[in-house]
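The structure under discussion appears below in the form of structure tokens.
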Amino acid sequence: MSNSHLFMKSGFVRAPLQNGVGRYVPQLQRIVLKFCKTHGGSRGIRDFIEQDLVEFAKQNPSVVVYLKPRRHRSPVAVAEYLNGDRVWMSLHQKSHSEITKWIEVLRTQQGDVSATRLRKYQFTDHPSIQGPWTPFTFKDPELNVAQLPDPKFGANDRLPMTATDKLRIMFEKQKISEDNVKTGE
Amino acid sequence: MAFIRRYLPLVTGGFKNVYIGGQRKEIHRYVAPTLMVLKRREDKQGGKVIKPRNTFLEWNLEAEMYAFGKRLNENFDPDLLLQAFTDRSYVIKEEMKQKEMEFDIQMKDNRNLAEEGRKFMKQYIQLYLEAALPKFPIEGINGICDHLMSENVLANVSLHLGTKDIILADEYPVDNTTLANAFVAIVGALLHSSGEEQTAHFVRDFVITNLQGQDVNEFWHIEEPWIMLTDLIAKTGSNLEPRLIGEVGKNTLLACYRVGLYLDKKMLSSGFGETIATAKEMAAREALKKIFGTEENQYPINFKLNGIPKSSSKSRYQVSAS
């Protein structure tokens with residue numbers, strides 16, 4: 001997501017009101033279809049209204065469908081959701097099948113999703129399941145019975161290896177391999 | 001208004017150019033100044049006016065109420081549902097209007113239904129929580145119940161069920177009190193239309209599920225966890241012993257102590273803190289959570305208990321009484 005999208009309202013992936021924990025509530029509450037009865041730009045939506053609308057209303061009794069004919073203006077669908085979002089969509093010059101698909105999108109989404117910038121693609125109420133970190137969280141159990149001070153636990157093992165040490169190790173390795181070669185003969 | 005209507009396609013057209021099919025385009029330079037002018041004019045007119053949804057041409061109260069019932073999968077009595085949506089403020093406003101026009105139609109507001117609904121909800125939530133959290137003391141259950149019945153929670157539930165536009169009140173948008181009141185009244189209306197069990201399931205599905213993902217211990221503040229714990233342990237006759245089991249960074253700003261509580265020489269819980277006293281208190285809180293069965297890793301609360309659970313208040317122990 002680039003910086004130019006920062007003007008969009010931001011949000012997380014969340015189900016509204018624990019939807020589905022108790023029972024599922026369809027989130028589209030009403031849809032208003034505005035169209036012209038004569039203009040060519042409204043042809044697709046007129047077909048949709050004639051052929052599919054009654055079936056749509058029958059299958060979704062939870063959605064209130066309003067039809068609003070207006071003379072010589074382009075067709076529009078306005079969907080209103082339970083969380084208060086209102087989605088305005090132009091259906092100008094759209095064909096019947098396109099409109100069927102867009103109405104399906106409006107019916108199944110839970111709000112104005114396309115105008116939301118997701119901050120993350122996942123969400124959790126509990127970012128940590130082990131609680132806050134303390135110095136005792138990953139403590140070595142061996143320390144419980146150790147008699148301190150002990151050179152084993154007190155040694156400083158955080159310094160990087162010195163050049164002298166590296167040379168010494170290389171030298172010892174070489175010596176061993178030379179010995180091996182000799183015994184091999 | 002005519003100006004806004006004329007320029008709205010312009011503005012929305014400007015926004016549409018932001019992101020089309022994967023390639024980015026710039027917002028036109030006229031968009032920001034136009035919006036600024038529109039905002040200035042709006043402010044001059046006295047702020048943004050939100051018109052009530054039910055004054056729109058496309059509004060049918062009957063259809064809205066039918067869809068409301070279908071959405072929630074409940075069968076409401078239409079008259080009762082209308083009554084539940086009628087706020088007291090609306091009735092007063094209508095009566096004033098009727099006095100001016102000199103006629104009289106009786107209207108019912110939702111106060112009675114709200115009272116019934118509230119009473120039922122309180123009772124049921126209490127019983128449900130007692131069944132769902134069997135080891136949690138009565139004070140804690142009361143705390144959770146108060147949280148669930150609080151105005152904010154009920155208003156949020158009400159808003160997300162779509163009552164905002166349907167409620168008949170003298171103001172719009174309606175405030176939290178009206179929203180919460182309407183929800184409680186809807187519960188009351190359901191109680192009359194579908195009976196107790198159906199209403200109980202409604203309350204369970206929309207109100208009690210608000211506990212999902214929440215820590216139930218947060219709704220009950222324990223002032224003195226150590227005293228409460230010792231009182232509880234004293235009844236059983238066991239021996240409780242706190243031990244310092246870790247200390248780091250003594251006499252520094254980042255000191256951390258760890259105290260373990262041992263019950264008959266077996267570890268019960270442990271807590272940490274910046275002083276020994278806080279560590280001991282945290283350990284006591286941890287131990288109480290274990291005793292009450294509300295640890296962080298507890299099994300999620302069961303939201304699928306059917307019917308109205310039977311009361312167990314008499315056998316349930318009260319912490320403060322001991």
Using only the alpha carbons of chain B, what is the convex hull's orientation-averaged projected area in square nanometres?
27.8
Selection from A:HIS92, B:VAL248, B:ASN112 lying farthest towards where the dipole of the protein assembly as shown points positive, charges on Cβ:
A:HIS92
If the cut-off is 16 Å between C-alpha atoms, which lysines fall inside it for A:LYS175, apart from same-chain ones fewer than 8 positions away?
A:LYS166
Taking Cα pairs under 8 Å and at least six residues apart, what relative contact order does chain B come out at, in percent?
17
If you place +1 on the Cβ of every Lys and Arg and -1 on the Cβ of every Asp and Glu, how big does the dipole about the Cα centre of segment B:81-174 come out, in debye to the nearest 20?
340
First select every other residue whose beta carbon is under 10 angstrom from the beta carbon of A:LEU67; then total the charges, Lys and Arg +1, Asp and Glu -1.
+1
Using only DSSP helix segments of four residues or longer, with each worth -39500 (n - 2.57), what per-residue ellipticity at 222 nm results for the protein assembly as shown after dividing by its residue count and rounding to 500?
-13500 deg cm²/dmol
Past the 22 Å Cα-Cα mark, which pairs from B:LYS235/B:LYS290; B:LYS93/B:LYS164; A:LYS9/A:LYS34; A:LYS58/B:LYS164; A:LYS58/B:LYS70; A:LYS152/B:LYS265?
A:LYS9/A:LYS34; A:LYS58/B:LYS164; A:LYS152/B:LYS265
Dipole moment magnitude, nearest 20 debye, segment A:8-118 about Cα centre, only Lys, Arg, Asp, Glu C-beta charged
380
Sorted by packing (mean other beta-carbon atoms within 10 Å per residue), highest first, where do B:86-97, B:121-132 land?
B:121-132, B:86-97
Find the sum over both chains of the accessible area lost when A and B are paired, probe 1.4 Å, and report it in Å² to the nearest 100.
3300
I'd like the accessible area for A:GLU142: 1.4 Å probe, protein heavy atoms, all chains in place, Å² to the nearest 10.
90
What's the magnitude of the charge dipole for chain B around its Cα centre, counting Lys and Arg as +1 and Asp and Glu as -1 at the beta-carbon? Answer in Debye, nearest 20.
1340
For segment A:15-33 the residues that are at least 40 Å² less accessible with all protein chains than alone, 1.4 Å probe, are A:LEU17, A:GLN18, A:VAL21, A:GLY22, A:ARG23, A:VAL25, A:GLN29, A:ARG30
Radius of gyration and Dmax for segment A:8-118's Cα atoms, expressed in Å?
14.9, 47
Helix A:96-108 axis, angle to chain A major axis (alpha carbon atoms, nearest 10°):
60
On C-alpha positions alone, give me the angle between the axis of helix B:138-148 and the longest principal axis of chain B, in degrees, nearest 10.
20
Please compute the net charge surrounding B:LYS250, taking Lys and Arg as +1 and Asp and Glu as -1 over other residues with Cβ under 14 Å from its Cβ.
-1
Using a 1.4 Å probe on the protein heavy atoms, what percent of the accessible area of segment A:8-118 belongs to carbon and sulfur?
51
In degrees from 0 to 90, rounded to the nearest 10, what is the angle of the helix B:88-101 Cα long axis to the longest principal axis of chain B?
20
Please report, for the Cα atoms of the protein assembly as shown, the Rg to one decimal and the Dmax as a whole number; what are they, in angstrom?
32.7, 125
Förster radius 51 Å - calculated FRET efficiency between B:SER238 and B:ASP77, Cβ distance, rounded to 0.05
0.35
With a 1.4 Å probe and all protein chains left in place, how much accessible area per residue does the protein assembly as shown have, in Å²?
62
Quick check on the protein assembly as shown: of the DSSP beta bridges with both residues there, what percent are antiparallel, nearest 5%?
75
Distance between segment A:124-185 and segment B:33-60 - C-alpha centres, whole angstrom
69
For every other residue with a beta carbon closer than 13 angstrom to the beta carbon of A:GLY40, add +1 if it is Lys or Arg and -1 if Asp or Glu, then tell me the sum.
+4
What is the antiparallel percent of DSSP beta bridges lying wholly in chain A, to the nearest 5?
55
Per-residue SASA entry for A:ARG14, accessible area with 1.4 Å probe, Å² rounded to 10:
110
Hypothetical label at A:ARG86: residues of segment A:28-60 whose amide nitrogen lies under 20 Å (7 Å Cα-Cβ projection):
A:28-36
Looking at segment A:8-118 only, what percent of DSSP beta bridges run antiparallel? Nearest 5 please.
55
Can you give the convex hull volume of the alpha carbon atoms of segment B:169-322 per residue, in Å³?
193
Percent relative contact order for segment B:222-296, counting Cα pairs under 8 Å at least six residues apart, stands at 25
If N is the residue count of segment B:61-216, its Cα Rg over 2.2 N^0.38 Å rounds to 1.11
Dipole of segment B:228-314 (Lys/Arg Cβ +1, Asp/Glu Cβ -1, origin at the Cα centre): which of B:ASN306, B:GLY271, B:TYR257 lies farthest to the positive side?
B:ASN306
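The values are calculated or read from the model by the stated rules, or taken from the named source; none is laboratory data. As the structure is a computational prediction, the values presented were derived from the model and not from experiment. Note that each Cβ is placed from the backbone with ideal geometry, even for glycine, and that neighbours are counted across all protein chains shown. Heads up: the accessible areas ignore ligands, DNA and RNA and are worked out on the full protein's heavy atoms, side chains in. Shrake-Rupley method; radii C 1.70, N 1.55, O 1.52, S 1.80 Å.
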